[in-house]
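Colleague: Just passing along the structure, written as structure tokens.
Taken together, the values in this text are just the output of simple stated rules run on the coordinates, not laboratory data. Because the structure is a prediction, the values reported are computed rather than measured. Please note: Cβ atoms are built from the backbone with ideal geometry, for glycine as well, and neighbour counts cover all protein chains shown.
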Amino acid sequence: MDHDVVHTDDVPMTDLSEVEEIPPDLRIRALDDFFDTDAVNLKLWYFEPGEEIKYHAHAEQEELYYVLEGEFSLKLGRSGEAEYVDAAPGTFWVAKPEVGHGHRNVGDEEGVVLAIGAPAVEDPGLDPHGLDEE
């Protein structure tokens with residue numbers, strides 16, 4: 001088939017706290033697995049109040065984020081230059097390769113963030129502070 005259509009509720013939820021190799025302990029819907037995408041990683045991330053993805057960077061991958069629900073505090077920028085920005089539903093942000101980024105749900109309700117990353121490679125998080133030393 002050349003196309004697929006799915007409702008969010010029909011994409012399986014994965015609890016990452018049950019997967020030892022993958023921090024953080026959040027819940028995701030791996031849309032890229034459902035659609036079997038080749039060029040992009042595509043995830044819905046679910047955050048309880050206080051949960052976060054810690055400040056990190058990627059070697060190759062550029063990521064685009066979009067807040068669907070919740071209130072977030074973002075940490076964005078290169079090591080030593082990072083800024084904190086508030087993000088509410090409707091907010092987009094981009095993290096280029098080797099640029100630090102992280103976000104925390106600072107609201108009282110569940111938060112949901114759509115994350116799109118390309119290229120679709122295994123690109124584990126790097127310490128942005130270590131990139132300055134290279």
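Colleague: Show that you can apply the helix-only estimate: for the chain, add -39,500 (n - 2.57) for every DSSP H stretch of four or more residues, divide by all residues, and state [θ] at 222 nm to the nearest 500.
Modeller: My calculation for the chain gives -1000 deg cm²/dmol from helical runs alone.
Colleague: Among 108, 25, which comes first, then next, by fewest other beta-carbon atoms within 10 Å?
Modeller: In order of increasing Cβ crowding within 10 Å: 108, 25.
Colleague: Quick query: amide H of residue 27 versus all other amide H atoms, modeled in the peptide plane; which residues come in under 5 Å with a sequence gap of 5 or more or a different chain?
Modeller: The list, which skips near neighbours in sequence, is 16, 46.
Colleague: Please arrange 56, 7 by how many other C-beta atoms lie within 10 Å of their C-beta, fewest to most.
Modeller: Ordered from fewest to most neighbouring Cβ atoms within 10 Å, 56, 7 come out as 7, 56.
Colleague: Rank these for me by crowding, 94, 67, going from fewest to most other beta carbons within 10 Å.
Modeller: Going from sparsest to densest Cβ surroundings: 94, 67.
Colleague: Suppose R0 equals 25 Å; then what is the FRET efficiency for residue 85 and residue 110 from their Cβ-Cβ distance, rounded to the nearest 0.05?
Modeller: 0.75
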